[in-house]
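For reference, the structure discussed in these notes is given below.
Bear in mind these aren't lab numbers, they're just calculated from the coordinates by the rules spelled out. This structure is a prediction, so every number in the text was calculated from the model and none was measured. Positions of Cβ are generated from backbone atoms using ideal geometry, with glycine treated the same way; all protein chains shown enter the neighbour counts.
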Amino acid sequence: MFNKKECVAMLLAGGQGSRLYALTQTIAKPAVPFGAKYRIIDFPLSNCINSGIDTVGVLTQYQPMALNEYIGNGQPWDLDRVHGGVFVLPPYQKASGADWYSGTANSIYQNMAFIERYDPEYVLVLSGDHIYKMDYNKMLAYHKAKNADATIAVLDVPKEEASRFGIMITDEDDNIIDFEEKPKVPRSTLASMGIYIFTWSKLKAYLIANENDKDASKDFGKNIIPDMKNAGEKLVAYRFDGYWKDVGTIDSLWEANMDLINPNIPIDLYDPAWKIYSRNPVLPPQYIGSDAMVQNSMVTEGCIIDGSIEFSMISDGVVVEEGAVVCDSILMPGCVVKKGAKVEYAIVGENSVIGENAHIGARPEHIEDKDTWGVAVVGHNINISDGSVVAPKAIISSDM
Amino acid sequence: MDVNMGNVLGLIFANMHDGSVAELTKNRTMGSILFGGRYRLIDFPLSNMVNSGISEVGVITKSNYQSLLDHLGSAREWDLSRKKGGLYILPPFGNVESKLYRGRIEALYGAMSFIKHSMAEYVVLSDCDIVTNMDFKPILSQHIADGADITMVTHTGVYTSDDIKHSTVVNTDDEGNVKSVLIQPDLSGTCTASLNIFVMSKKFLTDMILDSIARGNISFEKDILQAKCSELNIKTFEYSNYFSKITSVASYFKANQELLKLENARKLYLPKRPIYTKVSDNAPVKYDLDCCVKNSLIADGCVIEGEVENSVLFRGVKVGKGAKVKDCILMQGTAVGDNSEVSYLITDKNVNIGVNHILTGAPSYPMYIGKGASV
């Protein structure tokens, strides 16, 4: 068949991302700006095309407008193809009725017709909220070599962190024999990365069975994987040893951004063989003024910097005026930091304006009660008036 | 007057004036000279045409055009990858009549079948030597209101003889009617110089080309503007917005440096009329510990560990630890090694300057290092 693809990727991008609070109030989590010139979804999309997977379904449900507009016809990722390419797949009305996606497995179930169009042998299931560079093709080769029914990518995490993850317990051949979700006392340190490859004929059968079970929660982690294990299907772990980070919380989003400017963290955005692609905003080069000071930071197109910037990620079109200071912070596209303002340990959303001499966030060493400290967040399109103070850990979702 | 820009064909001459910046056009056309950190000169006329509502553009080229083809690709970045209209590249030998042209008339004659095939009523012609953000609508509107045969965009200002020696200068009456034309004169002081941008009807253009070819005339400036200025109705459109004209390596250097003044950059990069260019998916600029950057334009993909002042850095430039870059234009992929000091330098693409070197040009005559050279 002309349209046949060996492997189709399905990217789960429908979650609300409620733990990012003000940052996902109006946009879906995968569309949240990341790393100065990217959005989170650029990482899995770029990984797909760099791995030679050119057919990707993006499952959306929550606030899809920004994401739809961003993905467009997929051209920035080379995913505008004659056969295949990227498709945004929202829930839709069928002859039998209309349903929202009720879980990750259900979202794939509702789009089985999309997958079948390409008659794939394998389906790659991805999340829209992870930052990493990974060759899915190597994982697919492993899946085939192991003759597995499902392969789950895992990361060996430090023992003290293992209880934050879904943990896979394996035998000596890396067959998955058991798993536990966020265990208090972990029996293994292999954490699931939320990246799965399924043999499609198997997955299809389990999706249909799960859908027919009225009590099931229609979720991969809670239903499909346990069902497959219980039925004796071959589940294997694929060990990944590169950089990987879930950016589902304010703290982890902030940390993952800072990781990009940490020379000890192995994620290289400058590798010409594995570029991370993004939609270009069409702006002139950044201008660094005569009184500016920029160190240990990443800055991108269209910025005008006259103030001081240290340990920060500055997205496109940001203006930092004279005398303003930005430290250990993330400024999303189009924000303005006016004269004399100070932004420390903060995330400022798209097109927000920090008024003159306002003070956002604080350094942890300046706070006595460490429990009251955290990264301050100003949402998108927010105006902070001159001289205002935003406390550390505060989340601002309306003008002040 | 409201004009229908859907009815206008754009023609860009990519190779005109190649000789005036011979160093920079050794491997490329005038239109593909790198400019302003992330652009090529052709981005300006092309974006101006698109932003003015022109959706059919022909690019006439002659030689050295590989970089031009690579840059323009399918023209999607300029929104000119269209079913109706779009971008057409018109190299020599494109059809039986087109050969290596000697002047603008022969160049147009080579593109005759393309021009005839277009359904446009008016034509905007532009070279690639002017860096500006220009709206062609008021020019066409004036052209139609005046009933002119040719409208030429001009700027009246105080020029030095160096500025003017590559230009066409006109004398006009109070109504802007061109009374006489001087080509590459030895002049200085206040004069009205052509910006090499012309508007005419397609019918006038095609008649003029065929008539000139029949008479053996090849120069538009000499055989049409100069020889026929009393018999034709030639008008000027006085342009007073920000622009710079590239006539030499020194003026190229100056035009780049001018963009370090924000008031100039703001006149060139208008949010509602962006300058489009090829996207190359570079990572953001990485500013390292101990780097120091002042008054500079930096394009994405650069990694800066040393000092940079009063400079324009194109995409993917690397400045090593302890290196000092002052008053320079470093094109795409240039690397300045650790502890090297460079000033008044223009490096072409992929120049590699090793460690511990000192290279200095003069403010009036910046040093130029050719493409791919290793120092």
Relative to chain B, whose Cα atoms define the longest principal axis, helix B:137-146 and its Cα axis are tilted in degrees, nearest 10, by 20 degrees
Sorted largest first, the C-alpha extents of the stretch B:152-235 along its principal axes in whole angstrom are 38, 27, 19
Which residue, chosen from A:I131, A:A153, A:I115, occupies the Cα position most advanced towards the positive end of the dipole of the stretch A:110-192, where the dipole is computed from +1 (Lys, Arg) and -1 (Asp, Glu) charges on Cβ about the Cα centre?
-> A:I131
State whether the stretch A:11-102 is rounded, prolate or oblate according to the following rule on the C-alpha gyration tensor (a ≥ b ≥ c being the square roots of its eigenvalues): a/c under 1.5 gives rounded; otherwise a/b larger than b/c gives prolate, and the remaining case gives oblate.
-> oblate
Please work out whether the stretch A:265-314 counts as rounded, prolate or oblate from its C-alpha gyration tensor, where a ≥ b ≥ c are the square roots of the eigenvalues and a/c under 1.5 means rounded, while otherwise a/b larger than b/c means prolate and anything else oblate?
-> oblate
Between the stretch B:247-265 and the stretch A:217-292, the Cα center-to-center distance that results, in Å = 40 Å
Using only helices, what value at 222 nm comes out for chain B when you add -39,500 (n - 2.57) per DSSP H run of length 4 or more and divide by the total residues, to the nearest 500 deg cm²/dmol?
-> -5500 deg cm²/dmol
Determine, for each peptide in B:246-254, B:327-335, A:101-109, the mean count of other beta carbons within 10 angstrom over its residues, then list the peptides with the highest first.
-> B:327-335, A:101-109, B:246-254
For each pair in A:K159/A:K245; A:K339/B:K324; A:K184/A:K234; A:K5/A:K138; B:K267/B:K349; A:K275/B:K324, compute the distance between the two Cα atoms and list the pairs where it is over 19 Å.
-> A:K339/B:K324; A:K184/A:K234; B:K267/B:K349; A:K275/B:K324
Out of residues 5 or more away from B:I369 or on other chains, whose amide H comes under 5 Å of its own, with H placed 1.01 Å from N in the peptide plane?
-> B:I346, B:T347, B:D348
Extreme residue, positive dipole direction of the stretch A:146-239, given options A:G232, A:A191, A:I177 (C-beta unit charges) = A:A191
log₁₀ of I(q)/I(0) at q = 0.10, 0.13, 0.15, 0.20 Å⁻¹ - the stretch B:44-198, Debye sum with one point per alpha carbon = -0.42, -0.72, -0.95, -1.42
Å³ per residue of the Cα convex hull, for the stretch A:171-221?
-> 113 Å³
Under the 7 Å Cα-to-Cβ spin-label approximation, A:K184 and A:E116 lie apart by a distance in nanometres of 4.7 nm
Just tell me which lysines come within less than 27 Å, Cα to Cα, of B:K83; anything on the same chain fewer than 8 places away is out.
-> B:K62, B:K116, B:K137, B:K202, B:K203, B:K272, B:K278
Calc'd 3J(HN,Hα), the stretch B:260-275, phi into Karplus 6.51 cos²θ - 1.76 cosθ + 1.60 (θ = phi - 60°), Hz, glycine/Pro = x, comes to 6, 8, 4, 5, 6, 4, 5, 7, 8, 9, 8, x, 8, 10, x, 8
The protein assembly as shown, dipole about Cα centre (Lys/Arg Cβ +1, Asp/Glu Cβ -1), debye to the nearest 20 = 1660 debye
Reachable lysines, given that their alpha-carbon falls under 17 Å from the alpha-carbon of A:K214 and they are not under 8 places away in the same chain = A:K222
Take the Cα atoms of the stretch B:273-316, find their three principal axes, and give me the spread along each one in whole Å, biggest first.
-> 35, 20, 13
Does the stretch B:202-339 come out rounded, prolate or oblate by the C-alpha gyration tensor, with a ≥ b ≥ c the root eigenvalues, rounded set by a/c under 1.5 and, if not, prolate when a/b is larger than b/c and oblate if not?
-> prolate
Give, rounded to the nearest 20 debye, the magnitude of the charge dipole that chain A has about its Cα centre when Lys and Arg contribute +1 at Cβ and Asp and Glu contribute -1 at Cβ.
-> 980 debye
Using Cα pairs closer than 8 Å and at least 6 residues apart in sequence, work out the relative contact order for the stretch B:56-97, in percent.
-> 57 percent
Output field shielding_mean for A:297-305 (other chain Cβ, 10 Å radius) holds 5
The stretch A:218-358 pair-distance distribution - Cα-Cα, 5 Å bins, rounded % = 2, 9, 15, 18, 15, 11, 8, 6, 5, 5, 3, 2, 1, 0
Divide by every residue of chain A the summed helix terms, -39500 (n - 2.57) for each DSSP H run of at least 4, and state the resulting mean residue ellipticity at 222 nm, rounded to the nearest 500 deg cm²/dmol.
-> -4500 deg cm²/dmol
At R0 = 41 Å, FRET efficiency that the Cβ-Cβ distance of A:E161 and A:S290 yields, to 0.05 = 0.35
Could you work out the relative contact order of the stretch A:240-386, using alpha carbon pairs under 8 angstrom and six or more residues apart, expressed as a whole percent?
-> 14 percent
Relative contact order, percent, of chain A when contacts are C-alpha pairs under 8 Å separated by at least 6 residues?
-> 14 percent
Just the number, please: percent antiparallel of the DSSP beta bridges in the stretch A:146-281, rounded to the nearest 5.
-> 70 percent
Once you put a point 7 Å from the Cα of B:R266 and another 7 Å from the Cα of A:N175, both along the Cβ direction, what distance in nm separates them?
-> 7.0 nm
In the stretch A:288-306, which residues have a backbone nitrogen under 20 Å from the label point lying 7 Å from B:D290's Cα in the Cα-to-Cβ direction?
-> A:293-298
What dipole magnitude, in Debye to the nearest 20, does chain B give about its Cα centre under +1 on Lys/Arg Cβ and -1 on Asp/Glu Cβ?
-> 800 debye
Any chance you could list the semi-axes, whole Å, largest first, of the equivalent ellipsoid that the Cα gyration tensor gives for chain A, using √(5λ)?
-> 39, 23, 20
Using only the alpha carbons, work out the radius of gyration and Dmax of chain B in angstrom.
-> 21.2, 67
The long-range amide H neighbours of B:D127, using H built 1.01 Å from N in the peptide plane and a cut-off of under 5 Å, are B:F13
Can you work out ³J(HN,Hα) from phi for every residue in the stretch A:338-347, in order, using Karplus 6.51 cos²θ - 1.76 cosθ + 1.60 and θ = phi - 60°, giving whole Hz and x for Gly and Pro?
-> 7, 3, x, 6, 10, 10, 10, 6, 9, 10
Farthest positive-ward along the stretch B:256-375 dipole, Cα basis, beta-carbon charges - from B:L260, B:V325, B:Y344 = B:L260
